[in-house]
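Take a look at the structure below.
The values are calculated or read from the model by the stated rules, or taken from the named source; none is laboratory data. Bear in mind the structure is a predicted one, so any value in this text is a computation, not a measurement. When we count neighbours, we look across all protein chains shown, and the Cβ atoms used for this are built from the backbone with ideal geometry, even at glycine.
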Amino acid sequence: MTGLWLAVLLVGAVSMTLKATGPVLLGGEELPAALQRVVTLMAPTLLAALIATQMFGDGRSLTVDARAVGLAVGAFGVWRKWPTLLVVVLGAAATALTRLVTS
């Protein structure tokens with residue numbers, strides 16, 4: 001077994017252990033309201049952090065380029081509650097147009 005597969009199995013085992021810890025410790029009881037609010041907000045916060053690092057980080061510095069324009073157009077479309085396909089197409093078009101103009 002290679003080191004990579006060992007790492008994959010180890011991460012999977014740790015993940016399953018962590019996921020099982022909550023229900024075992026709570027014993028079927030509900031989470032307190034304050035903790036429930038935190039848990040509810042964890043997924044959107046993690047998604048926003050992943051988007052931000054992919055959009056503006058290149059590993060060493062902050063990078064603002066045509067992708068930021070596409071993100072802004074997409075965010076505006078989501079805010080205005082446009083259909084998802086339209087938001088994606090307009091965001092991609094805004095990015096492509098910005099790259100065309102700036103290159």
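Numbers below:
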item: Of all residues making up segment 66-90, the number that are farther than 16 Å from F56 by Cβ, surrounded by 15 or more Cβ atoms within 10 Å (Cβ to Cβ) and either basic (K, R) or modelled with pLDDT under 95 (or both); result: 0
item: Of all residues making up segment 47-65, the number that are loosely packed, with under 15 Cβ neighbours inside 10 Å and either part of a helix (DSSP H, G or I) or of a type in the set (A, V, I, L, M) (or both); result: 11
item: Pairs where the first residue, in segment 83-103, is within 19 Å of V64 (Cβ to Cβ) and touching a residue at least 24 places away in the same chain (Cβ under 8 Å) and the second is of a type in the set (V, I, T) and in a helix (DSSP H, G or I), C-beta under 7 Å, 6+ apart; result: A94/V69; A94/V73; T95/V69; T98/V69
item: So T40, is it touching a residue at least 12 places away in the same chain (Cβ under 8 Å) and either loosely packed, with under 10 Cβ neighbours inside 10 Å or part of a helix (DSSP H, G or I) (or both); result: no
item: Any hit, segment 26-34, residues being surrounded by 10 or more Cβ atoms within 10 Å (Cβ to Cβ) and modelled with pLDDT under 85; result: yes
